[in-house]
Amino acid sequence: MAANTTLIVAGLNYDQIRANLRDFIAAKPDFTDYDFQDSALGTLLDLLAYNTYYNAFYTNMAATESFIDTAQFYDSVVSRAKLVDYTPVSARGATANVRITYTTAVSNSSFTTITIAKNTQFTSTINSISYTFVTPKSYVIVANSTNGFRGDIELTEGFPITHRFGFSTSNTSFVLPNANVDSRSISVSVTSSGNTENYVKIDDILTVNSSSNIFYLEADRDFKYRVSFGDNVLGQRPPYNSTVAISYRVCNATRGNGANNFTAVGSVGGVSPFTLKINSRASGGADQENIESVRFNAPRMYETQNRAVTTSDYERIILRERKDIQAVSVWGGEDNEPPIYGKVYAAMKPYEGTFVSSQTKEQIKTAIKKYNVQSVDLEFVDPTYLYVTPTITVQYDSTATSKTASEIGNLVANRVITFESNTFDRFGKNFYFSKFLSFLDEADQKGIVGTSAVIEIQKRFVPSIVTRNSYTLNYNNKLVSNAVRSSSFTFQGKTAFFDDKDGIIRIYYVDGTSNVYLDSDAGTISYTNGIIVLKNFLPSAFVGNSISVYAKPVLPNIVPLRNQLLLLADTTVTVTEATTQVVSAKISTVATQGSDTTYETVITNLASSY
Amino acid sequence: MPAVLKEVIYKDFDIRFIAHPVTGKLIIKKNAESVKQALKNLILTSFFERPYEPIFGSGVRNMLFENYSAMTESDLRRAIEIAIDNFEPRVQLLDVRFGGDPDRNMLTISIIFRALNNRVPVTLNIDLQRVR
């Protein structure tokens with residue numbers, strides 16, 4: 001038999017490596033004890049195999065960490081992201097907007113303004129823990145003849161800190177030693193020979209020259225950030241032996257969210273007394289970008305090249321700038337109905353609540369101006385919600401499960417809630433009927449024999465009870481004719497409802513067992529386009545916060561439009577015994593997100609509010 | 001013509017890696033000497049000492065801190081028998097004897113065996129003594 005004189009290097013695990021080494025030694029006549037583990041040769045084989053395995057593992061790890069797709073360590077992913085000029089988004093302190101009113105200060109010819117300095121401190125307590133909020137910039141409150149000294153200011157969570165470093169030939173960049181640095185707050189000044197100059201953060205080098213006073217911010221090891229300077233080509237290098245002062249806030253990320261009571265730590269603008277009124281409670285606090293987010297965003301930000309041109313560029317930049325935004329949908333004005341050229345539309349859904357505040361929209365608009373093409377305006381459209389209302393019937397076999405009918409009902413209801421939160425967290429997510437049913441079946445695979453559901457879709461609107469208005473309800477899906485129904489409202493003194501007949505929306509009330517029509521032409525319905533238009537509608541009252549109008553889709557798979565988000569609402573679960581068809585349990589309203597009182601107003605003359 | 005059995009030779013190198021005083025080459029241990037060296041290696045190896053081979057060894061070292069009694073000898077004998085059964089097929093174990101010297105915290109184990117390629121009994125003495 002031919003001896004194996006070649007050392008095979010294909011093995012990766014310890015046993016394969018040892019077997020290959022053993023075969024190699026076996027082919028040599030010098031030693032014969034290679035088969036005995038306790039021999040010296042056996043010990044040597046163990047040692048060599050272990051060493052080879054160790055090196056193979058190390059090499060594999062080193063190679064793994066070399067690519068952004070496979071790296072396991074945060075530092076490795078950040079290091080790879082640096083190659084495409086991506087800096088992970090830092091932790092961000094929550095920001096509140098408050099109105100400060102100086103109650104007794106009276107202006108005169110020499111006293112017309114009050115200046116509130118940057119980093120004026122306030123405290124707020126959340127869950128018995130006190131957090132520091134500061135003014136992120138200075139504010140000048142100008143006296144007004146009507147309101148006196150009154151103005152709106154922002155308060156951002158975080159404690160201000162300043163570090164001073166000596167700039168020298170061996171010390172030209174500086175690591176900020178704290179975790180949870182809010183990178184938005186970093187400001188740098190350089191003092192040399194008694195002269196102080198401010199340096200500004202730069203994101204791209206297109207406008208930089210050798211005399212620009214700029215600094216670069218990049219990620220460093222262990223979730224920290226490093227400040228570095230130019231080399232007298234791409235930015236001015238500070239003079240050697242100068243002092244670099246770096247100021248920033250250390251924040252508590254998400255923990256400052258929700259703060260709505262503030263107390264000044266000391267003087268505010270040097271004038272007292274004053275009152276504070278909350279315009280919007282603190283929001284926008286976010287953790288530092290995590291490893292998976294960096295892995296996902298870095299190559300995509302490289303695609304955008306710091307320019308907002310395509311719709312996905314806008315989406316990426318908005319999500320990068322605002323970590324409190326859960327979902328964004330952007331479309332060009334040319335895709336709008338009717339087309340409006342020169343505009344880009346964005347709809348956003350925040351993590352908390354359903355609508356983004358106007359303050360946040362303004363901040364995003366300002367941030368995106370740096371990136372977008374001249375003459376293209378960004379407009380925000382609030383997301384509208386299209387509610388899917390499934391009426392679910394679950395058939396179960398009581399002999400195949402130990403669970404009761406109501407337990408099965410509760411399990412299915414919980415699955416409905418999970419399905420909603422897992423599926424409808426982004427714009428453009430469709431509702432697929434078969435996926436929905438099979439997801440519900442998994443609630444109890446033994447007990448549930450089958451699940452069926454009837455799907456309706458619902459729009460809500462808040463009508464004026466003062467003036468006649470027209471309302472457009474866009475279902476965006478083909479509708480079945482003669483299947484419209486609604487929640488009740490008061491119309492001409494009667495408790496009335498909507499229905500439809502051959503493309504016409506009608507208003508009726510119930511008199512005994514028959515319907516009496518109050519308005520046989522209250523609007524139109526396009527079954528093909530899925531749009532209901534109510535004309536000159538004026539109810540005198542309605543139940544709850546809004547009127548719900550239900551329609552039945554031709555297909556049970558529901559597709560939302562650009563700024564529409566799907567939610568599940570008014571879901572009922574009926575559990576019946578499979579053999580007898582007797583209803584054993586019923587849950588009339590499952591607590592999905594769509595079940596709360598979120599509502600929307602849709603008026604015809606606002607095309608973008610579809 | 002009668003069949004000629006090929007002679008089995010156990011051949012290993014000296015684990016101390018000592019060079020031959022004349023040739024300067026690594027010293028080779030053969031047959032009984034090779035087996036004795038391997039056996040000593042096996043007895044003095046603890047479980048989990050070798051990477052990826054946790055059951056290799058005898059566990060004799062672990063008994064160093066036991067109170068010395070007749071039971072200790074019984075346990076040691078059993079541990080040595082199991083280790084030889086599992087990992088040293090070249091050995092036919094004949095006897096295991098103990099020479100205890102508790103005052104010096106020392107125990108001498110004499111393993112009397114026969115290597116399978118030779119009928120002559122061989123004795124391996126192992127001193128178990130605490131190092132410090």
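No lab work stands behind these numbers, since they all come straight from the coordinates. Values in this document were obtained by computation on a predicted structure and should not be read as measured data. All Cβ positions, even for glycine, are placed from backbone atoms using ideal geometry, and neighbour counts span all protein chains on display.
Below are the figures for this structure:
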| quantity | calculated |
| --- | --- |
| Segment A:456-498 versus segment A:60-128: alpha-carbon centroid distance in Å | 45 Å |
| Under 18 Å from the Cα of A:Lys435 - aspartates and glutamates, other chains or at least 8 residues apart | A:Glu420, A:Asp425, A:Asp444, A:Glu456 |
| Cα centroid separation - segment A:197-218 against segment A:536-601, whole Å | 54 Å |
| ³J(HN,Hα), Karplus 6.51/-1.76/1.60, whole Hz, each residue of segment A:565-579, x for Gly, Pro | 10, 8, 9, 9, 9, 6, 7, 10, 10, 10, 10, 10, 6, 4, 7 |
| Percentage relative contact order, segment B:32-129, counting C-alpha pairs under 8 Å, at least six apart | 21 percent |
| C-alpha long axis of helix B:70-87 to longest principal axis of chain B, angle in ° | 30 degrees |
| Hydrodynamic radius by Kirkwood, which averages 1/r over all alpha carbon pairs of segment B:32-129, in angstrom | 13.8 Å |
| Residues whose placed amide H lies under 5 Å from that of A:Phe427, excluding near-sequence neighbours | A:Val328 |
| Residues whose placed amide H lies under 5 Å from that of A:Asn279, excluding near-sequence neighbours | A:Asn97, A:Val98, A:Arg99 |
| Helical contribution to [θ] at 222 nm, DSSP H n ≥ 4, -39,500 (n - 2.57), averaged over chain A, rounded to 500 | -6000 deg cm²/dmol |
| Anchor A:Lys494: lysines whose Cα lies under 24 Å away (excluding residues fewer than 8 positions away in-chain) | A:Lys459, A:Lys535 |
| Under 5 Å, built H, 5+ apart or other chain: amide partners of A:Tyr225 | A:Leu176, A:Asp220 |
| Simple label model, 7 Å out from Cα along Cβ direction - A:Lys446 to A:Thr207, nm | 6.8 nm |
| Cα-based reach from B:Lys36 at 16 Å (exclusive), listing lysines while leaving out same-chain residues under 8 positions away | B:Lys11 |
| In sequence order, calculated HN-Hα J values of segment A:43-50 (Karplus, 6.51, -1.76, 1.60; Hz; x Gly/Pro) | 5, 5, 4, 4, 5, 5, 5, 5 |
| Folded to 0 to 90 degrees: helix B:31-43 orientation relative to chain B principal axis, Cα | 30 degrees |
| Cα-based Rg of the protein assembly as shown normalised by 2.2 N^0.38 Å, two decimals | 1.48 |
| Of A:Lys478/A:Lys501; A:Lys224/A:Lys361; A:Lys82/A:Lys224, pairs whose Cα-Cα distance is over 20 Å | A:Lys224/A:Lys361 |
| Mean separation of Cα contacts under 8 Å, 6 or more apart, over the residue count of chain A: relative contact order % | 12 percent |
| Distance from segment A:250-320 to segment A:431-445 (C-alpha centre basis), Å | 38 Å |
| Residue-span extension gain [A:Val271 to A:Asn195] - 0.36 nm each, minus C-alpha spacing | 24.2 nm |
| Derived scalar couplings ³J(HN,Hα) [segment A:471-478; Karplus, 6.51 cos²θ - 1.76 cosθ + 1.60; whole Hz; x for Gly, Pro] | 10, 10, 10, 9, 8, 6, 9, 4 |
